[in-house]
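A.B. asks: Take a look at the following structure, please.
The values are calculated or read from the model by the stated rules, or taken from the named source; none is laboratory data. Only a predicted model underlies this, so the values are computations on that prediction, with no experimental measurement involved. Backbone-built Cβ (ideal geometry, glycine too); neighbour counts: all protein chains shown. Areas reflect the complete protein model, heavy atoms only, side chains present, ligands, DNA and RNA absent. Shrake-Rupley method; radii C 1.70, N 1.55, O 1.52, S 1.80 Å.
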Amino acid sequence: MHFIKKRGWELPESAATPESVFVERRRLVKALVAGPALLAAPALIAGCEEEAPKGAARAAAPKGDPTAGLYPVTRNLRYRVERPLSKESDATSYNNFYEFGSHKSIKSAAQVLPIRPWTVKIDGMVEKPFEIGIDDLLKKMPLEERIYRFRCVEAWAMTVPWSGFPLKALVDLAKPLAGAKYLHMETFNNPKIASGQRQSWYPWPYVEGLTMAEATNELAFIATGLYGKPIPKQNGAPLRLVVPWKYGFKNIKSLVRLSFTDKRPKTFWEAIQASEYGFWANVNPEVPHPRWSQASERLLGEGRRVKTQLYNGYGEFVASLYKDLENEELFK
Ligand code: MTE
């Protein structure tokens with residue numbers, strides 16, 4: 001176990017991105033993934049609707065990404081958020097990605113991450129382990145866009161449109177065995193390109209875990225796009241987890257491996273400091289972090305603080321997952 005004295009996500013409020021005007025980006029609706037992939041998740045796709053285009057034009061898609069033509073995808077309006085979208089430039093320039101540095105300005109450092117070829121390994125308690133390239137995976141998955149709230153444990157928050165697919169679709173593809181209880185997820189480990197991974201006091205690679213019930217909950221999402229474009233490297237290209245009812249550190253980036261297991265994974269931050277960061281990490285305004293309050297959150301790019309909600313406002317989807325777990329530390 002390592003103890004890190006100062007982490008980037010403890011930067012003072014003054015390090016925040018300055019106030020900027022909210023701009024709702026133009027929505028172009030395009031259903032690109034058809035046939036069997038869509039049929040694979042009828043309930044979710046049934047919730048998809050088109051949204052009228054409004055607002056300003058989108059910034060250019062990242063160069064050299066072969067999936068640029070896939071986006072934007074149809075927005076699923078089942079997942080509504082009552083506050084405005086964060087500005088794209090804020091969400092893509094104020095990041096936590098310790099592989100590239102323990103501060104918020106890792107955007108340019110992250111550009112060295114090679115995202116093709118990119119292979120994801122599926123193993124552990126599955127019918128048959130396999131590896132799949134990101135572009136083959138994308139062809140099999142039902143792509144959609146969802147706007148979710150996002151709440152970092154550091155008490156900053158954003159509201160962003162992720163593109164991607166329900167994690168459940170990937171779990172179904174993996175065919176886990178009946179005894180599998182947890183999903184263990186792993187980020188790439190390449191200290192040659194990721195300077196943060198040369199800092200040997202961190203327990204690389206970054207790993208995270210979910211119970212099977214969490215992984216197959218309808219909210220659990222794998223993002224492959226952001227703001228109607230392939231997800232930028234600094235946000236976790238080419239695929240990252242999005243679990244909006246949990247603190248941001250559960251949302252593991254740049255996945256290379258998903259393993260099914262009957263043992264609860266020890267997560268990256270739990271290995272570093274278990275007294276502050278646990279396995280569950282569900283958002284709860286009434287349970288303070290040992291060193292700061294979680295009662296409110298600062299909206300990225302706005303500076304304004306709003307009240308934090310239990311399960312980040314997603315209780316109707318997830319509270320039932322935890323009803324028999326009173327003895328667990330569900331909120332750190
Ligand atoms: N995933 C990896 N591999 N490495 C990281 O350092 N940071 C986490 C999470 N996923 C992190 C990670 C934390 S602390 C947060 S708050 C979110 O990513 C930030 O996501 P964003 O940069 O897209 O806002």
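A.B. asks: Can you tell me the equivalent ellipsoid semi-axes for region 84-322? Use √(5λ) from the Cα gyration tensor, largest first, whole Å.
C.D. replies: Working: eigenvalues 124, 89, 70 Å².
Result for region 84-322: semi-axes of 25, 21, 19 Å.
A.B. asks: Assuming R0 = 22 Å, can you tell me the calculated FRET efficiency for the pair residue 121 and residue 198, based on Cβ-Cβ distance, to the nearest 0.05?
C.D. replies: Working: r = 24 Å, r/R0 = 1.07.
The formula returns an efficiency of 0.40 here.
A.B. asks: Now for a different question. Rank these by accessible area, largest first, 1.4 Å probe: 186, 82, 144. Can you show the working numbers first?
C.D. replies: Values: 186 40, 82 130, 144 0 Å².
Correct descending sequence by accessible area is 82, 186, 144.
A.B. asks: Where the centroid of each part is defined by its Cα atoms, how far is region 246-291 from region 136-178 in Å?
C.D. replies: 17 Å
A.B. asks: Rounded to the nearest 10 Å², what accessible area does residue 216 show when all protein chains are kept and the probe is 1.4 Å?
C.D. replies: 50 Å²
A.B. asks: From the protein chains alone at 1.4 Å, what is the descending order of accessible area for 292, 280, largest first? The partial results should precede the final answer.
C.D. replies: On the way: 292 55, 280 10 Å².
In descending accessible area the options line up as 292, 280.
A.B. asks: Under a point-charge model restricted to the Cβ atoms of Lys and Arg (+1) and Asp and Glu (-1), what is the dipole moment magnitude of region 84-322 relative to its Cα centre, in debye to the nearest 20? Intermediate results must be reported in sequence, preceding the final value.
C.D. replies: Values: 31 positive and 23 negative charges, 90 e Å.
For region 84-322, the charge dipole is close to 440 debye.
A.B. asks: Please list 147, 222 from largest to smallest accessible area, probe radius 1.4 Å, with all protein chains kept in place. Write out the running numbers ahead of the final one.
C.D. replies: Numbers: 147 25, 222 0 Å².
Heavy-atom accessible area, descending, gives 147, 222.
A.B. asks: Taking +1 at the Cβ of each Lys and Arg and -1 at the Cβ of each Asp and Glu, which of 288, 260, 274 sits farthest along the dipole of region 236-292 towards its positive end, judged by Cα position relative to the Cα centre?
C.D. replies: Sorting the options by dipole projection puts first 260.
A.B. asks: Using 32 Å as the Cα-Cα cut-off, could you pick out the over-long pairs in 181/332; 263/307; 192/266; 87/332; 87/175; 107/263? If you can, show how the numbers build up before the last one.
C.D. replies: Working: 181/332 21 Å; 263/307 35 Å; 192/266 25 Å; 87/332 28 Å; 87/175 38 Å; 107/263 35 Å.
Exceeds cut-off: 263/307; 87/175; 107/263.
A.B. asks: Then there is this: Would you kindly derive the ³J(HN,Hα) couplings of region 306-322 from the backbone phi angles with the Karplus curve 6.51 cos²θ - 1.76 cosθ + 1.60 (θ = phi - 60°), listing them in order in whole Hz, with x for Gly and Pro?
C.D. replies: Result, rounded to whole Hz: 10, 5, 7, 10, 4, 6, 6, x, 10, x, 4, 8, 10, 4, 5, 5, 10.
A.B. asks: Tally Lys/Arg at +1 and Asp/Glu at -1 over every other residue whose Cβ is under 13 Å from the Cβ of residue 181; what's the total?
C.D. replies: Values: positive: 263, 264; negative: 214, 262.
Charge balance near residue 181 sits at 0.
A.B. asks: Additional query: Within the set of other residues whose C-beta is less than 15 Å from the C-beta of residue 253, count the net charge using Lys and Arg as +1 and Asp and Glu as -1.
C.D. replies: Values: positive: 104, 107, 233, 240, 246, 250, 257; negative: 99, 186, 208.
Around residue 253, the surrounding residues sum to +4.
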